[in-house]
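Read through the structure below, which is laid out as structure tokens, and then see the notes.
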Amino acid sequence: LNQDFGERQMFDATCSKCGNATQVPFQPSGDRPVYCRDCFQQMRGEKRGGGGFGGGAGGDRQMYDAVCATCGAATQVPFKPSGERPVYCREHYKRDRN
Ligand SMILES: [Zn+2]
Ligand SMILES: [Zn+2]
């Protein structure tokens, strides 16, 4: 009985890397791996290799890896996700504000 429509539904999942139980805001399909917050951030960090994505303009804000609560896409936000409130990819963030 889900009366609170403000709550995002979270699905139980198991991290493909460390095996820890975690929760994700999308239904795990089984054909792609799901990672816990720690492993996700670790992998993003490794893949990126400190390249930066803005083209090196000075004064870039520090960005944190996050998962969009609406579509489940990997994204980055300019604040550290606390896990208590949802974060959104750029597209859904804009949509939410309008
Ligand atoms: Zn993990
Ligand atoms: Zn999104």
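The values are calculated or read from the model by the stated rules, or taken from the named source; none is laboratory data. This structure is a prediction, so every number in the text was calculated from the model and none was measured. Cβ atoms come from the backbone with ideal geometry, glycine included; neighbour counts cover every protein chain shown.
Before moving on, here are some points about what is shown:
- When restricted to residues that are assigned to a loop (DSSP other than H, G, I, E, B) and under 17 Å from residue 29 (Cβ atoms), segment 71-81 contains 3.
- Single residue of segment 15-33 satisfying the filter (hydroxyl-bearing (Ser, Thr, Tyr) and farther than 20 Å from residue 88 by Cα) that is surrounded by the most Cβ atoms within 10 Å (Cβ to Cβ): 16
- Applying a threshold of 7 Å to beta carbon distances and a minimum spacing of six or more residues, or different chains, the list of pairs starting in segment 71-86 at a residue that is surrounded by 10 or more Cβ atoms within 10 Å (Cβ to Cβ) and ending at one that is among the acidic types (Asp, Glu) reads 74/65; 76/65.
- In the set (1) under 21 Å from residue 81 (Cβ atoms); (2) modelled with pLDDT of 75 or more, the condition left unmet by residue 48 is number (2).
- Whichever residue in segment 67-98 is modelled with pLDDT of 90 or more and within 16 Å of ligand 1 (Cβ to nearest atom) and, among such residues, is nearest to the chain's Cα centre (by Cα): 67
- The set of residues in segment 1-24 being at pLDDT 70 or above and part of a loop (DSSP other than H, G, I, E, B) consists of 7, 8, 9, 10, 15, 16, 17, 18, 19, 20.
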